[in-house]
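Below you'll find the structure, written out as structure tokens, and then a few comments.
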Amino acid sequence: MKTYYSKSLSATFGRQASFLAKNDELVARAAQATAALCAMPARTHCPLCAGTAPQAQDFVHRGAAYFRCPRCGHIVSCNDPSFLEQDEEQFAKVYPALRGEEREARRLNVYQPKLDWVLESCRRELGRDRQHMLACQWLEIGCGEGFFLEALQRSGAEHVSGVEADTIMAGRCAGLLGADCVDISHRPLACEIRERRFDVLAAWYVLEHVPDLHSVAQALASVPAGTLFCFAVPMFSLSVVLESACHGHFARTLDNDIHTQLFTDDSIDYFLHSAGFEKVSHWVFGQDVIDLGRIIRNGIAGSYSEDMAAGVCSMLSEAYEELQGVVDRHLMSDSRHVLAVKR
Ligand SMILES: [Zn+2]
């Protein structure tokens, strides 16, 4: 099993700057979401292992209580968000449509590197070369507007398809890649996995939104040996602890709204083991230190002159890549990308 560390932070600066610019609005919206979450009934079970939820909380994050599942290590809100009214277009609101160069930059800087890492890992760890991999049947669940499918197509893959619940995002994907490439589905993920054929399944930042991960693991347990599964998930990380400790800035990683469960390395291992998959490669990186920079920028605004604040933050930003590299190597960063094979 190969571990890759770190990735250039340059692609994250734009989105982080928009969090800083809209900080007060985002904090207010998250406070409303937290109040709604806290009014929901208590969870009865862990979404990942289906074990009985513990009676006691392990921590409070921006006003919402969380537990670390004693059985699988997953981080889960004590209140059950599945009772909340679902907004089927929430992701389209979070990710407005990109055009031209912006769109191209997102595909090249965010999605092409995922594909390059999967192809490199398959060659290196499994002896499956690029040509073999691009001839496979690829299915992406939660394909959004199709950035990854487009990266696959442009790299020469012919058999690619996606499933997406958000109708606006699916419409963008169909407009780009053709209506045959994407299906709108509101069915449980486990049904999609059981009923579709694929050699490689991709799920980038999807699993953390699934209320019944144990059913997904059961469905994955029935796929043929040799099937590949690549995914990325947000982690309980330095970013989350900073959000718990400092309240003035928008909580990007655990907002009590879109994210009410997070993975740990233990819960990833539990999930893969229960699905009968073995980890082949993982890639550890995040943007925790830019969150730290954002906290500092917010914290000193008003007490430092604009010039002084800008100078301090500029010096810190020069050190971002090295600082994040240390965080990554200590497995404290906010994301994991995982490639696993069915045994
Ligand atoms: Zn659990």
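The values are calculated or read from the model by the stated rules, or taken from the named source; none is laboratory data. None of these values were measured; they are calculated from a predicted model. Cβ placement follows ideal geometry from the backbone for every residue including glycine, while neighbour counts extend to all protein chains displayed.
Could you tell me which numbered condition E25 fails, if it satisfies all but one of (1) within 13 Å of the ligand (Cβ to nearest atom); (2) over 24 Å from L207 (Cβ atoms)?
(1)
Can you pull out every residue in segment 177-206 that is in contact (Cβ under 8 Å) with a residue 60 or more places away in the chain and among the aliphatic types (A, V, I, L, M)? If you could, list the steps in order and put the result at the bottom.
Keep residues of segment 177-206 that are in contact (Cβ under 8 Å) with a residue 60 or more places away in the chain, which gives 186, 197-206.
V200, L201, A202, A203, V206 - these are the residues of segment 177-206 that are in contact (Cβ under 8 Å) with a residue 60 or more places away in the chain and among the aliphatic types (A, V, I, L, M).
For segment 238-279, give me each residue that is closer than 22 Å to A219 by Cα, part of a loop (DSSP other than H, G, I, E, B) and away from the ligand (no atom under 16 Å from the Cβ). Don't jump to the end; show me each part of the working.
Taking segment 238-279 as the starting set, the residues that turn out to be closer than 22 Å to A219 by Cα are 261-279.
With the extra rule that they be part of a loop (DSSP other than H, G, I, E, B), the set shrinks to 264, 276.
Result: G276, single match.
Can you find even one residue in segment 66-76 that is modelled with pLDDT of 95 or more, among the β-branched types (V, I, T) and within 16 Å of the ligand (Cβ to nearest atom)?
First pass over segment 66-76, keeping only residues modelled with pLDDT of 95 or more: 66-76.
When the remaining residues are screened for being among the β-branched types (V, I, T), the result is 75-76.
Adding the requirement that they be within 16 Å of the ligand (Cβ to nearest atom) leaves 75-76.
Yes; the residues of segment 66-76 include at least one that is modelled with pLDDT of 95 or more, among the β-branched types (V, I, T) and within 16 Å of the ligand (Cβ to nearest atom).
Return the residues of segment 312-340 that are within 26 Å of D24 (Cβ to Cβ) and either touching a residue at least 12 places away in the same chain (Cβ under 8 Å) or in contact with a strand residue (DSSP E or B) (Cβ under 9 Å, 6 or more places away or on another chain) (or both); say none if nothing qualifies. Give the derivation first.
Looking only at segment 312-340, we keep the residues that are within 26 Å of D24 (Cβ to Cβ), and these are 312-317, 320, 334.
If the condition is that a residue be within 26 Å of D24 (Cβ to Cβ) and either touching a residue at least 12 places away in the same chain (Cβ under 8 Å) or in contact with a strand residue (DSSP E or B) (Cβ under 9 Å, 6 or more places away or on another chain) (or both), then V312, C313, L316, S317, Y320, D334 are the ones that fit.
Out of segment 207-216, which residues are in a helix (DSSP H, G or I) and either of a type outside the set (D, E, K, R) or in contact (Cβ under 8 Å) with a residue 60 or more places away in the chain (or both)? Steps first, please.
Residues of segment 207-216 that are in a helix (DSSP H, G or I), as a first pass: 207-209, 213-216.
Within segment 207-216, L207, H209, L213, H214, S215, V216 qualify.
Taking the stated definitions as given, is F83 over 20 Å from F263 (Cβ atoms), modelled with pLDDT under 95, of a type outside the set (D, E, K, R) and more than 10 Å from the ligand (Cβ to nearest atom)? Before you say what the answer is, go through the steps one by one.
Numbers: over 20 Å from F263 (Cβ atoms): yes; modelled with pLDDT under 95: yes; of a type outside the set (D, E, K, R): yes; more than 10 Å from the ligand (Cβ to nearest atom): yes.
Taking the combined requirement at face value, the residue satisfies it.
Could you grab me the full set of residues in segment 29-58 that are within 16 Å of the ligand (Cβ to nearest atom), touching a strand residue (DSSP E or B) at 6+ places or on another chain (Cβ under 8 Å) and either farther than 18 Å from V210 by Cα or in a helix (DSSP H, G or I) (or both)? Working first, answer last.
Going residue by residue through segment 29-58, those that are within 16 Å of the ligand (Cβ to nearest atom) are 42-58.
Imposing the further condition that a residue be touching a strand residue (DSSP E or B) at 6+ places or on another chain (Cβ under 8 Å) reduces the set to 42-48, 51-54, 56-58.
Answer for segment 29-58, where residues must be within 16 Å of the ligand (Cβ to nearest atom), touching a strand residue (DSSP E or B) at 6+ places or on another chain (Cβ under 8 Å) and either farther than 18 Å from V210 by Cα or in a helix (DSSP H, G or I) (or both): P54, A56, Q57, D58.
Given the residues V94, V76, which is the only one that is surrounded by fewer than 15 Cβ atoms within 10 Å (Cβ to Cβ) and either closer than 27 Å to V216 by Cα or β-branched (V, I, T) (or both)? Lay out the reasoning, then the answer.
Details: V76 fails: surrounded by fewer than 15 Cβ atoms within 10 Å (Cβ to Cβ).
Going through V94, V76 in turn, the sole match is V94.
Filter segment 17-28 down to the residues that are in a helix (DSSP H, G or I) and either β-branched (V, I, T) or closer than 15 Å to Y95 by Cβ (or both) and list them by number.
First pass over segment 17-28, keeping only residues in a helix (DSSP H, G or I): 17-21, 23-28.
Matches in segment 17-28: S18, F19, L26, V27.
Going by the conditions given, is V326 of a type in the set (V, I, T) and in contact with a Leu (Cβ under 7 Å, 6 or more places away or on another chain)?
For V326, the condition - of a type in the set (V, I, T) and in contact with a Leu (Cβ under 7 Å, 6 or more places away or on another chain) - is not met.
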